[in-house]
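Asker: Here it is, the structure, as structure tokens.
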Amino acid sequence: MRLIAHRGNFCGRIKGEENKPEYILSAIREGYDAEVDVWLQDGIYLGHDYPEYECDLDFLLKNHSRLWIHCKNVHALNHLSEIPSLNVFWHEKDAYTLTSQGFIWTYPHQKVCDKSVIVAKNSKYLKFQDCYGVCSDNLV
């Protein structure tokens, strides 16, 4: 099962660090995938509520196999979805969202399948479910 650090968090939420490129890389170095919030607005930026940390395309490409890219505006979705190696998606509170690589980003408390990535506050109770992965702030 893939364990995905939500905005780079894997050992509890640290709001001031979320989506910082170095924080994302630290989660990857610890062996996790990472969900990142990406904006395209006069460049590529990471940030949850607004474009906050400048990031270049090279960062996304170098780490593409470990990133789950949550596009935060239509410009990011349009541009990044044209790059086959990137796994991108858009969602708000949809029960299910299909990523560009065919995974099913799954909101909490929904039925799951072997392609599901479950978004959860705590991954401990989900480790034995038949799903592809879990995205959480708490993975340890």
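Asker: What about GLU82, is it within 24 Å of PHE10 (Cβ to Cβ), charged (D, E, K, R) and outside any strand (DSSP E or B)? Full working, then the answer.
Answerer: Values: within 24 Å of PHE10 (Cβ to Cβ): no; charged (D, E, K, R): yes; outside any strand (DSSP E or B): yes.
So GLU82 does not fit the description; no.
Asker: Something else: If a residue must be in a helix (DSSP H, G or I) and at pLDDT 90 or above, how many such residues does the range 122-134 contain? Please lay out each step first, then the result.
Answerer: Here is the first cut: in the range 122-134, the residues in a helix (DSSP H, G or I) are 124-126.
Okay, now just the ones that are also at pLDDT 90 or above, so none.
Residues meeting the conditions: 0.
Asker: Right, here's the next one. Would you check which residues across the range 1-36 are of a type in the set (A, V, I, L, M), over 19 Å from VAL117 (Cβ atoms) and not in a loop (DSSP other than H, G, I, E, B) and list them? First the steps, then the outcome.
Answerer: Residues of the range 1-36 of a type in the set (A, V, I, L, M): 1, 3-5, 14, 24-25, 27-28, 34, 36.
When the remaining residues are screened for being over 19 Å from VAL117 (Cβ atoms), the result is 14, 25.
Within the range 1-36, LEU25 is the sole residue that qualifies.
A quick yes/no check of all residues on (1) in contact with a strand residue (DSSP E or B) (Cβ under 7 Å, 6 or more places away or on another chain); (2) surrounded by fewer than 21 Cβ atoms within 10 Å (Cβ to Cβ):
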{"position": "LYS20", "(1), (2)": "yes, yes"}
{"position": "GLY43", "(1), (2)": "yes, yes"}
{"position": "LEU46", "(1), (2)": "yes, no"}
{"position": "ASP49", "(1), (2)": "no, yes"}
{"position": "CYS55", "(1), (2)": "yes, no"}
{"position": "PHE59", "(1), (2)": "no, yes"}
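Asker: Which residue, of ILE83, ILE104, is more than 17 Å from ILE118 (Cβ to Cβ) and either more than 14 Å from the chain's Cα centre (by Cα) or not charged (D, E, K, R) (or both)?
Answerer: After ruling out the rest, the residue left standing is ILE83.
Asker: Could you check ASP56 against (1) touching a residue at least 60 places away in the same chain (Cβ under 8 Å); (2) over 23 Å from PHE103 (Cα atoms) and say which number it fails?
Answerer: Failed condition: (1).
Asker: Sticking with this structure for a sec: Any residue in the range 18-32 that is closer than 21 Å to ILE83 by Cα, touching a Cys at 6+ places or on another chain (Cβ under 7 Å), touching a residue at least 12 places away in the same chain (Cβ under 8 Å) and not hydrophobic (A, V, I, L, M, F, W, C)?
Answerer: Yes, the range 18-32 contains a residue that is closer than 21 Å to ILE83 by Cα, touching a Cys at 6+ places or on another chain (Cβ under 7 Å), touching a residue at least 12 places away in the same chain (Cβ under 8 Å) and not hydrophobic (A, V, I, L, M, F, W, C).
Asker: So which of HIS109, HIS91 is part of a loop (DSSP other than H, G, I, E, B), touching a Ser or Thr at 6+ places or on another chain (Cβ under 7 Å) and farther than 21 Å from ASP56 by Cα? Even if it seems obvious, please write down each step before you answer.
Answerer: Values: HIS109 fails: touching a Ser or Thr at 6+ places or on another chain (Cβ under 7 Å).
It is HIS91.
Asker: Taking the range 33-46 as the region of interest, how many residues are closer than 12 Å to LEU67 by Cα and touching a residue at least 40 places away in the same chain (Cβ under 8 Å)?
Answerer: Let us first name the residues in the range 33-46 that are closer than 12 Å to LEU67 by Cα, namely 33-38.
Still in the list and also touching a residue at least 40 places away in the same chain (Cβ under 8 Å): 33, 35, 38.
Number of matching residues: 3.
Asker: Kindly indicate which of ARG13, ARG2, ARG7 is over 22 Å from ASN78 (Cα atoms), in contact with a strand residue (DSSP E or B) (Cβ under 7 Å, 6 or more places away or on another chain) and touching a residue at least 24 places away in the same chain (Cβ under 8 Å). Outline the logic, then answer.
Answerer: Numbers: ARG13 fails: in contact with a strand residue (DSSP E or B) (Cβ under 7 Å, 6 or more places away or on another chain); ARG7 fails: over 22 Å from ASN78 (Cα atoms).
On inspection, the qualifying residue turns out to be ARG2.
Asker: So in the range 47-68, with the set limited to residues that are in a strand (DSSP E or B) and out of contact with any Asp or Glu (no Cβ under 6 Å at 6 or more places or on another chain), which one is nearest to SER26 (Cα to Cα)? Before you say what the answer is, go through the steps one by one.
Answerer: Step one: filter the range 47-68 for residues in a strand (DSSP E or B), giving 53-55, 67-68.
Checking which are out of contact with any Asp or Glu (no Cβ under 6 Å at 6 or more places or on another chain) leaves us with 53-55, 67.
On the way: TYR53: 16, GLU54: 17, CYS55: 16, LEU67: 13 Å.
Result: LEU67.
Asker: Another question, if that's okay. Run down VAL119, VAL88 and say which single residue is modelled with pLDDT under 95 and touching a strand residue (DSSP E or B) at 6+ places or on another chain (Cβ under 9 Å).
Answerer: Working: VAL88 fails: modelled with pLDDT under 95.
That would be VAL119, the only listed residue that is modelled with pLDDT under 95 and touching a strand residue (DSSP E or B) at 6+ places or on another chain (Cβ under 9 Å).
The values are calculated or read from the model by the stated rules, or taken from the named source; none is laboratory data. In this text, all values refer to a predicted model and were calculated from it rather than measured experimentally. Positions of Cβ are generated from backbone atoms using ideal geometry, with glycine treated the same way; all protein chains shown enter the neighbour counts.
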